[in-house]
Structures are given as structure tokens and as C-alpha cells.
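The structure that follows is given in the form of C-alpha cells.
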Amino acid sequence: MLLRGVNVGGKSRVEMARLRALLTSLGYRDVATYINSGNIVFASETAPEEARIARAMQDEFGLEVPMLILSAADILAIASAIPEDWTNNYTEQKSDVLYLFDEVNSAEIIERIRPRPEFEDMFYVNHAVLTRIARKNQTKSSLLKLMGTDLYKQMTIRNVTTARKLAEMVK
């Protein structure tokens, strides 16, 4: 499960220990979080109920937090689609995964984002857009124009390092 916009800039504070305890109390097993930005992996006998989790989060944290619940197969497929040479470092390149909410989960998302192929690589896989840009061209990224738009609110972004770690966690 990916939470959108938690613990960013001091807003929508969600303590990961409390979140793990909350999900465990709802009956999910092997609940684990990765870093402090709303990355949660857990096991469940049945499909997780987003509405139930949302109500519990509202009760516990007083927040309405957009969440994206993906299967382990989806997390693994997205991570395996990331080219091996894509990294996220501070000097050479920025590589991200734009995890897509159901409303925008289609290959047409690329047309809506309007990438700049002369500066960035971008392609769609089910539930995600993978993108890479050289750090020196980061200010030319199509994602900058996307920020704050309604389309932007239908995705949650993680760097490729996080995407790969989530895949390791669900294995």
C-alpha cells in the first residue's frame, strides 16, 4: 500500500509505528514499512478493503489520505520493468516511478503527461509510469508542469530505489 502525501513538508503526519499497529489491528499480517513516506507491505488472506483502512486511518490520525493498494504481483512487475541502469543519485540521473490510481491507469497517461523525449525517458507499465532524466536537465522535466494538477493528484511518486526495495519486501 502506498499513501500519497504523508510526512511531506511537515504535513499529514503519520507515525509508521502507529500505522503498522493499526493495520495489524485490522487483521493484516507481516506489516512492514519502508522509510517514513507511506510505503507499507502486508499480507492478507483476502483483498484489502480500502474503505475500511481509510476509516481506520481517519479515526487514528484524523486524516483522509489517498492510498493505492497494489498486489505483490503488481509491485514486482513494476520493479522488474525498471531498466537496470536507471538509478536515482544526486549527480547523474533522477529516476522515478509514478504509481497510478485506477482512474488514470492506462497507456494514454503518457500523452497526458506530454514527456519531452529530448530530455527524458518515459514509459507506461500497468499501474505505473517509469521516468528518467539527467540531473542536469531536471528543470526541463515534464513532471514539473504536472505538479499541482488534477492529474498529479491521481498518482504517487517514489524513486526507483524505493520501488526496488518494495519489490524485495514483497518477495
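Yes or no, residue by residue, for (1) of a type in the set (Ser, Thr, Tyr); (2) within 17 Å of Leu2 (Cβ to Cβ); (3) touching a Leu at 6+ places or on another chain (Cβ under 9 Å); (4) not assigned by TED's automatic domain parsing to the domain that holds Thr33:
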{"position": "Glu84", "(1), (2), (3), (4)": "no, no, no, yes"}
{"position": "Ile113", "(1), (2), (3), (4)": "no, no, yes, yes"}
{"position": "Met122", "(1), (2), (3), (4)": "no, no, yes, yes"}
{"position": "Lys140", "(1), (2), (3), (4)": "no, no, no, yes"}
{"position": "Met155", "(1), (2), (3), (4)": "no, yes, yes, yes"}
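Would you mind stating whether Thr131 is free of Cβ contacts under 8 Å to residues at least 40 places away in the same chain and either farther than 15 Å from Leu146 by Cα or outside any helix (DSSP H, G or I) (or both)?
So Thr131 fits the description; yes.
Can you tell me how many residues in region 134-148 are within 18 Å of Asn88 (Cβ to Cβ), of a type in the set (D, E, K, R) and without any contact (Cβ under 8 Å) to a residue 40 or more places away in the chain?
Within region 134-148, residues that are within 18 Å of Asn88 (Cβ to Cβ), of a type in the set (D, E, K, R) and without any contact (Cβ under 8 Å) to a residue 40 or more places away in the chain number 2.
Right, something else. List the number of the failed condition for Pro48; all other conditions in (1) more than 14 Å from the chain's Cα centre (by Cα); (2) surrounded by fewer than 15 Cβ atoms within 10 Å (Cβ to Cβ); (3) not aromatic (Phe, Trp, Tyr) hold.
Tallying (1) more than 14 Å from the chain's Cα centre (by Cα); (2) surrounded by fewer than 15 Cβ atoms within 10 Å (Cβ to Cβ); (3) not aromatic (Phe, Trp, Tyr), Pro48 fails exactly one: (2).
Would you mention how many residues in region 18-66 are free of Cβ contacts under 8 Å to residues at least 24 places away in the same chain and assigned to a strand (DSSP E or B)?
Summing the residues that are free of Cβ contacts under 8 Å to residues at least 24 places away in the same chain and assigned to a strand (DSSP E or B) in region 18-66 gives 5.
Here's another thing I want to ask about it. Could you run through region 90-114 and say how many residues are closer than 22 Å to Arg164 by Cβ, part of a loop (DSSP other than H, G, I, E, B) and touching a residue at least 24 places away in the same chain (Cβ under 8 Å)?
4
Residues are listed down the side, and each one gets a yes or a no for (1) crowded, with 20+ Cβ neighbours inside 10 Å; (2) within 21 Å of Pro66 (Cβ to Cβ); (3) not β-branched (Val, Ile, Thr):
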position: Val104; (1), (2), (3): no, yes, no
position: Ile109; (1), (2), (3): no, yes, no
position: Glu118; (1), (2), (3): no, no, yes
position: Asn126; (1), (2), (3): no, yes, yes
position: Thr139; (1), (2), (3): no, no, no
position: Thr161; (1), (2), (3): no, no, no
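The values are calculated or read from the model by the stated rules, or taken from the named source; none is laboratory data. Note that the structure is predicted; figures quoted are calculated from it, not measured. So basically every Cβ, Gly included, is an ideal-geometry build from the backbone, and we count neighbours across all protein chains shown.
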